[in-house]
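Worksheet for the structure shown next.
The values are calculated or read from the model by the stated rules, or taken from the named source; none is laboratory data. Source: prediction; values computed, not measured. Glycine gets a Cβ as well: all are built from the backbone with ideal geometry, and neighbour counts include every protein chain shown.
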Amino acid sequence: MTTTGDNPFFIMVQIPGGANSSAYLEPAAELVRNLGGRVRACVSADRVECLEANTPAASMLLAEFDHRDALAEFWSSEAHQDLFSGLAGSDGLLVIEAPGLPYAGWPDAPEIPTTASVSPPSVAGPPAYMIVQGTGTDADRMDRYRDIILPLLKENGAYYVAFEIEGNARVLHGEWPYEIFAISRWPDCESGHRLWDSDRYQNTAIPMRTGAGVFWVHFMTAATADTDTSVSKDRKTDSRASRRRFIQGAAAATGGLTLSQSGLVGAATDKPPLKLNLKGYSIPLTPEGKASLVTPTPHHYGGQFIFVDYRADVKEVARFLPTPLEPEPTGRAFVIVNELFSIPEDNPDLIYTNPERTHYTEGVVAVRCSYRGTPGSYITAIWVSKDWSMAFGQFFGWPKKIASIHLTRVPPLHPTLRPLGVGSRVRGIVAREGYRLLDVSLDLRRQEEDSAAPSFGWLYSVRHFPEMGPTVPAIKQLIRNRVQNPRAINVYSGDAEFSFGASDNEELLPLKPVEIIKGYFYNPSWTTTHTAELLETYE
């Protein structure tokens, strides 16, 4: 369907995650406003969620103009071309122009979420935008997927502002192999997550379109509320400050409250804060900041997983969950033994200059759960081989301990071992303080599509720091976080076995398997950054 009547025009500038976007985004946004346009999103890569596997990490500028001539003036102006020239060498840089839907929506098509059929609820914060780019390869399955997704958008107060499948999306820069370009507006980020994480979407819609096309899905908070087209520098400063408070032990996303207002510190801190003279992302803090145990985020991960999906006694699962998390009704849980490489974005050469600070092994026990209807996972035990990984886990409330962790590794060339594949066997073992805690084995029976790799969804956790004195109170918070840009390749499945071992410093046996569902072996990658959300504060 093509647009008719008065409609806006959109321009999307998609800047690859590894590029330096800071010199472009804000000046370009200001230029948009000076030319009468509206900045819908102006977001760095660490704040853009990649919801679909294989979606490239990217910074985003999304702008809207009332007339195409105004958009063309922005794009071709000398001021913009000077700004854009600083990005032109970035591999993966993409610029798309597309007509928007009519301002009045599509009154003659009420089944499609547009301004004519959706009245979004009033919310306090800014809206969010989802950009979908892709190509469908199975028309029948995509039609059935559409029949599922359109009502879900309307139920969550979302509607399309642009939807092009007939070639009207124009590539102004870069290579774009797709046919579909769609932009949807959401009341807030929560509404988008609510749909994406819903049982109907995860277990009905996604299986329906898996293998029926290839898609990128980017999701981001709008620059401001739609009624205010300015980008506030104060808002950006507050966002950075909240992330700093998160790392320093205060609440994540306290909505701009001071530390004393958030109830996390005592009255003694009401006096004006001092400027700390020591530097570092984490302790130890030093004059030059070189001694920090943890490197600054974002952290980019890749490695190999032995993953076993199983069921435990649901009553026991419930005992391990903090209020108000609820167990998945059948007691779903999983264990992982993995090997990972963690590369900080601000020091990608660390793997060459000091590889020991990038490589570690890990064991995980987690249960499936939900928070007020939104599904996710809660880690009950996790062990790592390096102290910097353990310390980073404390920031998020992941219960990491140091342990000895080993798993099968097969070199590409070996006189007696063949490369891993169908028919191979892999094993992972976690041991700590003289006890074997987790022993996992897997026979690889089938090679799967990359999309078959398991996902974590939301990662729920409890940040817990005990009281250190009358004016240094405890911090007990339920938060959630999700990894960015998850991908997987070389996915195999097969028959798995695992067992927990007894220990005087662990509680594993209550979560022993009642049924083992399936095992997976694959190579994952993702990015972890500061996108955590505060859900609850405990007494």
Being assigned to a loop (DSSP other than H, G, I, E, B) and either on the phi > 0 side of the Ramachandran plot or at pLDDT below 95 (or both) narrows GLU467, GLU507 down to just GLU467
| message | On the basis of being surrounded by 15 or more Cβ atoms within 10 Å (Cβ to Cβ), polar (S, T, N, Q) and under 15 Å from ILE306 (Cβ atoms), does ASN485 make the cut? | response | no
How many residues of segment 381-414 are in a loop (DSSP other than H, G, I, E, B), crowded, with 16+ Cβ neighbours inside 10 Å and among the hydrophobic types (A, V, I, L, M, F, W, C)? The answer is 2
When restricted to TYR103, TYR145, the only residue hydroxyl-bearing (Ser, Thr, Tyr), within 27 Å of ARG38 (Cα to Cα) and assigned by TED's automatic domain parsing to the domain that holds GLU190 is TYR103
Do the conditions hold for ALA72, that is, is it surrounded by fewer than 23 Cβ atoms within 10 Å (Cβ to Cβ) and either touching a helix residue (DSSP H, G or I) at 6+ places or on another chain (Cβ under 8 Å) or free of Cβ contacts under 8 Å to residues at least 60 places away in the same chain (or both)?
yes
Of GLY421, GLY393, GLY434, the only residue that is under 27 Å from the mean Cα position of the chain (by Cα) and assigned by TED's automatic domain parsing to the domain that holds SER499 is GLY393
Just one listed residue, out of GLN81, GLN14, is part of a helix (DSSP H, G or I), out of contact with any Gly (no Cβ under 7 Å at 6 or more places or on another chain) and of a type outside the set (Ser, Thr, Tyr), and it is GLN81
Checked pairs for segment 45-60, first outside the structural domain of ASN523 (by TED's automatic domain parsing) and of a type in the set (D, E, K, R), second surrounded by fewer than 23 Cβ atoms within 10 Å (Cβ to Cβ) and part of a loop (DSSP other than H, G, I, E, B), C-beta under 6 Å and 6 or more apart or across chains, list as ASP46/PRO298; ASP46/THR529
Of the listed residues (THR380, THR374, THR353), the one being farther than 17 Å from PHE307 by Cβ, polar (S, T, N, Q) and modelled with pLDDT of 95 or more is THR353
* Scan segment 438-449 and give yes if some residue there is modelled with pLDDT under 95, more than 18 Å from GLY397 (Cβ to Cβ), of a type in the set (S, T, N, Q) and not assigned by TED's automatic domain parsing to the domain that holds ASP197, otherwise no. => no
When PRO411 is run through (1) in contact (Cβ under 8 Å) with a residue 12 or more places away in the chain; (2) more than 19 Å from the chain's Cα centre (by Cα), the failure sits at (1)
Checklist entry - So is SER90 among the polar types (S, T, N, Q), over 21 Å from VAL161 (Cα atoms) and touching a residue at least 24 places away in the same chain (Cβ under 8 Å) or not? => result yes
Over segment 264-292, the set of residues at pLDDT below 50 and either exposed (fewer than 14 other Cβ atoms within 10 Å of the Cβ) or among the acidic types (Asp, Glu) (or both) is ALA267, ALA268
Scanning segment 114-168 for residues that are part of a loop (DSSP other than H, G, I, E, B) and of a type in the set (Ser, Thr, Tyr), the one modelled with the lowest pLDDT turns out to be SER122
